[in-house]
Amino acid sequence: MVLLVTGRCESTCWYCPLSEEKKGKDVLFANEKRTDSEQDIIEEARSIDAEGTGITGGDPLTCMQTQDHIRSLKSEFGEDHHIHLYTQSSDIDKIRSLIEVGLDEIRFHPPVKVWNKIDETDYPLLLETLKDLDIDVGIEIPCIPEKENDTLALIRSLENLVDFVNLNELEFSSTNWKQMVKRGYKKKSDVSSAVKGSQEMALKILKSDFKVPIHYCSSSFKDGVQLRNRIKRRAQNTAKEGELITEEGTLIKGIILAENPLEVLDELREYYEIPDSLMWYDPENDRIEIALAVLEEICDEIDYECYGIEEYPTADRLEVERWPVKDGKD
Ligand code: SF4
């Protein structure tokens with residue numbers, strides 16, 4: 001599970017990909033679900049069979065509740081629920097307090113301006129201190145093509161102090177594209193939001209002779225494989241009997257739109273004897289939802305708008321397709 005505990009951060013990275021709804025704001029998201037309750041976080045983790053949680057931000061170390069979230073996840077799912085956290089902060093007291101409640105791994109994201117002079121910062125001493133504590137420590141940064149030499153210098157300086165280095169493909173987002181364009185960056189292709197040249201740089205670094213393990217995460221892996229696996233698990237755990245799970249993990253079902261959906265639901269239930277597991281009221285969208293096969297059987301006999309829909313099983317239930325199911329309109 002991805003747990004974004006705050007949109008606030010003391011850094012001002014020009015490539016920050018955070019969306020408008022999160023950037024600089026005190027918001028909490030468990031995957032796509034905006035919430036403020038510990039119980040919702042646990043339910044979201046359960047709905048995707050989460051084996052671990054990545055705590056992110058903004059900077060989670062600026063959030064007072066990060067410790068509580070770690071404590072509650074560990075107490076609910078046990079010690080084996082792996083928790084890692086991303087931060088740019090080098091505040092050892094705060095980090096210690098998180099290790100005490102069970103943080104398993106920390107990934108530092110030092111500001112770009114210090115990559116080529118990291119030895120002059122607090123990081124080396126901090127990493128030395130963490131070596132004696134029970135936590136895995138890594139560096140996680142984006143591959144910025146103009147910063148290849150600084151990236152190499154950073155890894156060289158810290159390779160004996162960290163357990164791993166993660167390199168991410170740099171990506172365009174709705175909030176950073178102006179800065180990207182200003183710096184002359186282009187998209188890798190029309191269907192990708194990744195920056196041209198970022199992957200090539202990562203592959204070059206992977207071939208360099210470092211002692212520390214280096215991992216590269218492409219934007220298509222992050223957005224494709226990781227996201228698809230999470231969505232599939234969520235679909236399997238949350239789909240109703242009347243919803244069909246596709247290979248991609250989206251859900252297919254029918255919907256009936258009526259002025260008084262609750263009254264219509266009662267009428268249909270009585271007349272056609274449809275069980276609750278195959279037809280129900282959706283309060284979020286004020287509509288009737290129904291197994292598509294059942295809707296196809298009855299739609300020509302009822303006087304309401306009837307559609308088939310495909311939507312994501314995520315908390316925001318993004319609808320990706322809608323089609324009419326009445327005869328002649330399919
Ligand atoms: S450290 Fe992360 S969250 Fe903070 S500004 Fe940089 S990219 Fe954004």
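In the set ILE106, ILE83, ILE99, ILE95, which member is within 15 Å of the ligand (Cβ to nearest atom) and at pLDDT 95 or above?
Just one listed residue meets the conditions, ILE106.
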Give region 99-109 a look and list any residue that's touching a helix residue (DSSP H, G or I) at 6+ places or on another chain (Cβ under 6 Å) and on the phi < 0 side of the Ramachandran plot, or say none. VAL101, LEU103
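I need the full set of residues from region 31-52 which are aliphatic (A, V, I, L, M) and either farther than 26 Å from GLU169 by Cβ or without any contact (Cβ under 8 Å) to a residue 60 or more places away in the chain (or both), in order please.
Just the residues of region 31-52 that are aliphatic (A, V, I, L, M), to begin with: 41-42, 45, 48, 50.
Residues satisfying the conditions are ILE41, ILE42, ALA45, ALA50.
Among the residues of region 97-119, which ones are assigned to a strand (DSSP E or B), in contact with a Ser or Thr (Cβ under 8 Å, 6 or more places away or on another chain) and among the charged types (D, E, K, R)? Spell out the reasoning first.
Residues of region 97-119 assigned to a strand (DSSP E or B): 105-108.
When the remaining residues are screened for being in contact with a Ser or Thr (Cβ under 8 Å, 6 or more places away or on another chain), the result is 106-108.
Of everything in region 97-119, just one residue is assigned to a strand (DSSP E or B), in contact with a Ser or Thr (Cβ under 8 Å, 6 or more places away or on another chain) and among the charged types (D, E, K, R), namely ARG107.
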Any idea which of (1) under 14 Å from the mean Cα position of the chain (by Cα); (2) more than 13 Å from the ligand (Cβ to nearest atom); (3) over 20 Å from ARG230 (Cα atoms) is the one GLU32 doesn't satisfy? (3)
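Every residue, every condition in (1) crowded, with 18+ Cβ neighbours inside 10 Å; (2) away from the ligand (no atom under 14 Å from the Cβ); (3) small (Gly, Ala, Ser), yes or no:
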{"position": "THR6", "(1), (2), (3)": "yes, no, no"}
{"position": "THR12", "(1), (2), (3)": "no, no, no"}
{"position": "SER37", "(1), (2), (3)": "no, yes, yes"}
{"position": "ASP40", "(1), (2), (3)": "no, yes, no"}
Could you tell me which numbered condition SER89 fails, if it satisfies all but one of (1) surrounded by fewer than 18 Cβ atoms within 10 Å (Cβ to Cβ); (2) touching a residue at least 60 places away in the same chain (Cβ under 8 Å); (3) part of a loop (DSSP other than H, G, I, E, B)? (1)
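The values are calculated or read from the model by the stated rules, or taken from the named source; none is laboratory data. All of these numbers come straight from a predicted model, not from anything done at the bench. Ideal geometry is used to build each Cβ from the backbone, glycine not excepted, and the neighbour counts take in all protein chains shown.
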